[in-house]
Every structure is written in C-alpha cells, then in structure tokens.
Amino acid sequence: MTGPINVRELAPGTSIVLVDGSRAEIVDNPGDGVWLFARYLSSPRDPTLIGQEGMIFAQDVAALGEPTTT
Amino acid sequence: MAMKGSRGYRSGLVDLQAGEISREIFVNEDIYAEEQERIFARAWLHVGHESQIPKPGDYFVSSMGEESVILCRDRASRIHVFLNSCRHRGMKVCRYDEGTAAVFTCPYHGWSFGTDGRLVGVPYFREAYHSRLDKEKWGLIEVAQLANYKGSIWATWDPAAPSFTEYLGGFTRYLDLQLDGWDGREAQAEVLCGVQKWLVPCNWKFPAENFSGDTYHNISHRSVDLAGIGPSGAGRRDMGERDVSRKLHVCIPDRGHQTILYVLPAERLPPPAYMNAPIVAEYFRHCEEEKRRRRGEEARLVGAPGEIFPNTALLSRQPRTMAGWHPRGPHQTECWRWYFVDRDAPGEVKQFLRDYYIRYSGPAGMTEQDDMENWNYAHAASRGTIARRHPYNYDQGSGTAVTDYEYQGLSVPGEVIDLTEVQSSEQPMRNFYRRWAEFMEAGDWSQLATWRGSERKAAE
Amino acid sequence: MSERDARIERLLLGQEIADFLYHEAELLDQRRYRDWLDLLAEDVRYWMPMRRNVKIGEDEREFTSAGTDINWFDEGKETLARRVKQIETGIHWAEEPRSRLSHLITNVQVRAAEPSVAAPQDVSVTCRFLIYRNRVETETDILVGKREDLLRRNGAGWLLARRKIILDQNVLLTKNLTFFI
C-alpha cells in the first residue's frame, strides 16, 4: 500500500491503477488536483469501459501502474 | 423602514422637483439590501473585455454587484459569465484572478465544471448518487443574457431585460468613443494587463454620481493642477481641444446614462497635444486626421467622464479607463479600474499613456486620491441621526436642459445642458437618481422599459 | 584579506546599508520629503506591482510587469517630485490634514555588492516594511510587505537607484496610496 498520490503532478501517458482494479492511462491533466482525464485499459467491473475516456476522481487512484509504451 | 412612506422613492427620498435627495439612500442598510435585488439583479453590468480572455479556456474572475463571477471563453471559443459558486455547497470554484483552465473544480467536495459551465465531474457519481443525478440541471449558474459590445462584455441576471443596445439607448455613441480606435476604426481597444482593485469606505453611489459628470468638483483637484502631471508636463491634462470646444452635459432620459462631452467646432482639428513626446504627438495628430476622414462630423465628439447605469464609469479620453463600483455593503465600495489603449498603437505610445494613466488614476493616482477622500468623509458624515434628516442639494441647473441641442450642424440628442458659459450643472446626477428611483420602484422590466411606448410612437 | 576581515567588511557594509534605510524611513516619517528626494538617484525607478492570485507553478504571472503593465506605482524621480509638490500645496485633501506615518524597516539583508564588499559601488538589499498610517481621527491602515532596493554609491553616502515594493495584498485594502513606501 502506497501513500496518497498527488494527481496534480501526473503527466499524460502515465498509467494508473484504480481502487476497483481498473487500469487507465492519463490522456490529459487539468491540474486541479482532483480529476484526471484518462482512457481505460482494463476494468474488472465493466469491460465495456475499455478504450473509453472518462474523468477519474483523485481518491479513486490507488497506485501508479507500469509505464505504457506508445 | 425610512422609504416605506406614502410618497415612495421618486417623490420622497429622491425628490427631483425640489432638487433634493435624502442621505438615507446612501447609508440605510435596508435600502442597500433592496438595491441588490432591484438594481444589481436586473440591470446590465460590465464584466470585462474580450482582450482579457483571448484564447479558449482563458478566464478572468470579475464581479457583478456583490458577487464573484467568472468571465471565460470555452473550448469552442464562446464567451460565458458564470456565478463563481459551486452548485453543490457554494464554495468558489475559482479563487485565482485570471488564467487558463480546462475545468473549474470545487475544492470542497470535488464537483467539476467545464468552461462551458456544464457539470462534468461528480465524485462517486455511480456509487453515492446511483448515477441518477441530472448533471444537465446542475451546471454553473449562468447569466440570463450576455452581450459582447465591441469587445466589452456585459451581462444581466434578468431574462426579461431588454437587449444591451436597447438598454444603452442613445448612449451607444459615447460607449463607442471608449471602445473604437482614436483613428475612427471600430472596436480597437485593448485592456492593458492589470486591473486595479481597491476598497473605499463609501457607498457605491458616490463614485457613480461623481463619474456621471460632476463638473463642480474641479476645486478638489486643484493640488494636482498645481503639481502638474499632464502629458505635456503641466496641469492635469492637455486642455487644447477642450479650450476650443463646447462643453456639454448629455443625459439619456429613461436610461440613466449620462456623460460630459466636448464638441469641437466644425472644420477644425483638435489643437496639438503631447508636445513633450514627438512620437505620441505625431501619432495622435495622424489618428485625428484619420478619424475626421472616416467619421466625418462624428469625429468632433470628444469624450469625458460618464456613467452607464448603474455602476460602470467611462473615460474615453486620457486617461482612457473604465471603472466598476462594486457594492460591498452600504458603507464600502470595491473599485475596479481597467485601462485601455488602441491595440495597434506603437509601443512608445502605449508606454507613454500607461505612465500617465497610473499617475492620474487609481489609488496611487494623484487625481483620484482626492476623490476618494471626499467620498470617504462625505459618506461617514452622512450616517448620523441628525445628518440623515437633511437631504443633499441636487438643484444646480434644474429646468435648463434642452432636447434639441445642435452645435454647428452636429446634433446631440438627449437632455443637454451647454456648460461652456454656465460652467456646471447637476443634470447628470438628477438623471442617474431618476433612473435609480425607477429601478427601486418598478416591479419588473415591463415597467422599467419606460421608453418603449414613446419610441414606438416616434417611429410611426 | 583574512576570513575574519572579510566578515568584518560584510558586517560594516550591512550596518551602513541598514543605517541608510533607517535614515530614509526617518525622513519620510518626519515629512522631510525634499530631503528624501535628495536620496533618490536622478534615474531612480520606483515600482510597486500589483499581485495576482496565480496557480502554483505560475509564479512569473504573480506580479504585474514594470514598463508595460498597470502597476500601483511605476515611475521615476520627476513624478515622485510632483507627488511631494502636491503634498506641499496644502490643498491635497487626501493628505491634508496630513497622515501620521511610521515606517518600520526590518529583516535588512545585503544580497550583493558590486564590484566587491570592500569597495562597493552598487548594493542590492532586501528588507521588510510595516507601515502604520493613521489620519484624521480614527482612520488607520497597516501595510506590510517586502522591498528590493538597489543602492548606488554617492561619495561617502548612497542613493536609491531602484526600488521594487511588494505589498502582501491583492485587493488594496487602503483607499489610496498618498505616501511613499
């Protein structure tokens, strides 16, 4: 278990793991420290989310994932 | 409450027949509270200028009445004005003065709004709200109407208010002097970076009536005339054009807008100015020629202090500024001052004018400082029980305005007093407070648009 | 020069510069404005930017710029001298009756001395100010902030060549700035 992550500091391209086990890649960071724009790479809860972009709430970010290769 | 008498605002506290206005309207807390509802929630208010938000996502936090608003340009480049308050629990969604944003996010619970005002982010939307919150319904509160008039942005909270140009009536001509170029091209103004904001302990109507065209208070600026800050190194300003002009008070009846105006003689360019700075002098000489070529007789109008009802001051000549008098309680006003130049003016001209503006206007301005002293202590000395029993006198020049003024072939509509010989009048204040009383009495805009019947009749 | 001598040089310069700043404050508080003007270089720049609320990481936008933007002050000796003249008219109502002022100058730190501490010609110095203004009966303002000054050697003394005044306020909480900071 890592400490809280400051989402304000995360750059686009960073991979994140969400509390529900989903993985996503940051597309854009509004810099408000509360939200991230990210694209889902996987979602155990709802596989239809994969490939979709959405807003991720800071408290839903559990950890940083593996850097994605693009 | 003092104003609940049978005679009402217009004939009671604001008695234009007698030329008297009660001190109550400046210091009474109930009247102040009613002003917020009846004036600031219904009138068109100045918010800012599009040059302050040139790119998508740019914002400038402004003020409408007591309340903070966000002037911003959305991703599609559309300009909006929103109340700066989260729909969930009211926290300000923006506490920076200006900048660029992708979203406005509330720091309290995290609701987030797009630059178009739409609610886009709700923490635990699926879990806590069960995906049932209607996001379309809970966007930022947007003004009822917005107008971009030659780059200046105006807004009203009242959907029933007339269009901004109808609200201005015949005053568009004087707002044009503020926003058009010195060379007569349309909409050339840009705001110099940095809006001055400062608190003055007085009711907001003191500066508003002063900028309506107080031609009587020159004596209070005698010290700056003696110190000499004018563009050519003496006096308060370069006076050449004024010395050869007719000096007028122009009031737009029914609208509450009014201004001082100078009208140059026909066939005559303004006398030279800015003689200590050849580049600036040449620039203005060139602009005056171009304006005469483009605008013809209209180029004979020279602007001066004026006021758009209720709380926006104009000054279209140097120092070229607009001000907002934001109410902060009955006894305090937050003054905001924007400074303008023509965007195509040479750098040397912009810098020369900026230097002049700063030493003239604002809290460090050698002219405006004395105004604030007057407003401060006039207000303070009007609060007492005995003081409130005695109204102010607004009778100067009552009954002397004409409605068919013309000077060497140039017609000036409105209620006009030629001040060239009589020096001063208080017609602008009477016009301002007549409108103030109408706003305080009228139930809605169908009663406030008093001109509609007569203007229709005139058109027939 | 020994390390000890170098330290003594720095101490002496620091005290000399602080003495200059205290003397300047004394002249202002005693309303000796003409004497104060004599402490200003002919090419002095007196600059007080406005301060904006900006996001962390955007600090370069916090202050309005000298030379181009609107500021509280951005002027030279000629305009400063006209301000003195205006107060002296006795009819500058924002300063008549005159304010009672105390300039408290503290945290004086010499930042640089050129060409050397031992033979300085230009000295950069920073300090804090607390200005108490009281006027008429109960009107009171307290202004707190920082100054960044450049002093220039003038014979045995110093001249103020540049001053940046950083007030710790956004909306100016005092109705006017009729005094020198």
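What the table below lists for this structure:
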read-out	value
Residue-averaged beta-carbon neighbours from other chains (10 angstrom radius) around B:227-234	3
Between 0 and 90°, nearest 10: helix C:77-88 axis offset from chain C longest Cα axis	50
Any cysteine of the protein assembly as shown lacking a neighbouring Cys Cβ under 4.7 Å - listed by number	B:Cys72, B:Cys94, B:Cys193, B:Cys202, B:Cys251, B:Cys287, B:Cys335, C:Cys127
Cα gyration tensor shape for chain A, rounded if a/c is under 1.5, else prolate or oblate	rounded
Net dipole in debye of the protein assembly as shown [+1 Lys, Arg Cβ; -1 Asp, Glu Cβ; about Cα centre; nearest 20]	520
Check: the range B:45-145 dipole with +1 on Lys, Arg Cβ and -1 on Asp, Glu Cβ, in debye	380
Separation between Cα centres of the range B:78-132 and the range B:208-268, rounded to whole Å	46
Rounded to 10°, Cα long-axis angle of helix C:3-29 versus longest principal axis of chain C	20
Summed residue charge, Cβ within 12 Å of B:Asp344's Cβ, Lys/Arg positive, Asp/Glu negative	-1
Long-range amide H partners of B:Ser68 with built H, under 5 Å	B:Asn84
Under the Karplus curve 6.51 cos²θ - 1.76 cosθ + 1.60, θ = phi - 60°, whole-Hz ³J(HN,Hα) for the range B:217-234, x wherever Gly or Pro sits	9, 3, 4, 6, 9, 4, 5, 6, 4, 6, 5, x, 10, x, x, 9, x, 9
Two-site label geometry, C:Asp122 and B:Arg268: point separation in nm, points 7 Å out along Cα→Cβ	5.2
Test item: Cα-centred dipole of chain B, Lys/Arg +1 and Asp/Glu -1 on Cβ, debye	960
Cα gyration tensor shape for the range B:46-127, rounded if a/c is under 1.5, else prolate or oblate	oblate
Cα coordinate range in the range B:154-215, projected on the principal axes (Å, largest first)	39, 34, 28
Estimated [θ] at 222 nm from DSSP helical runs (n ≥ 4, -39500 (n - 2.57)) normalised by residues in chain B, nearest 500	-7000 deg cm²/dmol
Sequence-separation-based contact order of the range B:45-145, relative, with Cα cut under 8 Å and 6+ spacing, percent	21
Neighbouring partner chain Cβ atoms per residue of C:86-98, average, 10 Å criterion	6
For B:Arg118, net neighbour charge (Lys/Arg +1, Asp/Glu -1) across residues whose Cβ lies under 13 Å away	0
Chain B: relative contact order as a whole-number percent, Cα under 8 Å and 6+ apart	19
Leading residue at positive end of dipole, the range C:3-167 (Cβ point charges), from C:Ala18, C:Ala66, C:Trp93	C:Trp93
Shape category assigned to the protein assembly as shown from the gyration tensor of Cα positions, a/c cut at 1.5	oblate
Given charges at Cβ of Lys, Arg, Asp, Glu: the range B:33-152 dipole, positive-most of B:Gln36, B:Ala101, B:Gly90	B:Ala101
Spatially proximal lysines relative to B:Lys137 (Cα-Cα < 21 Å; intrachain offsets below 8 disregarded)	B:Lys92
All Cα pairs of the range C:3-167, percent lying beyond 25 Å	38
Within 10 Å of each Cβ in B:213-225, the average number of Cβ atoms from other chains	3
Cut-off 11 Å between beta-carbons: net charge of the residues surrounding B:Tyr59, Lys and Arg +1, Asp and Glu -1	-2
Antiparallel %, DSSP beta bridges [both residues in chain C], to 5	90
A:Ala63/C:Asp168 FRET efficiency (R0 56 Å; Cβ-Cβ; nearest 0.05)	0.90
Highest average packing first - B:377-385, B:162-170, Cβ atoms within 10 Å	B:162-170, B:377-385
Nearest-0.05 FRET efficiency for C:Thr68 and B:Asp243, computed from C-beta distance (R0 35 Å)	0.60
For peptides C:107-115, B:352-360, sequence by mean Cβ density within 10 Å, most packed first	B:352-360, C:107-115
Whole-Hz ³J(HN,Hα) from phi, Karplus 6.51 cos²θ - 1.76 cosθ + 1.60, for the range B:334-342, glycine and proline x	9, 8, 10, 10, 9, 10, 10, 9, 6
Positive-end residue of B:Pro123, B:Ile79, B:Val69, charge dipole of the range B:45-145 with Cβ unit charges	B:Pro123
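Every number here is computed from the coordinates shown, using simple stated rules; none is lab data. This one's a predicted model, so the numbers in the text were calculated from it and none came from an experiment. Counting neighbours? That spans all protein chains shown, and the Cβs are built from the backbone with ideal geometry, glycine included.
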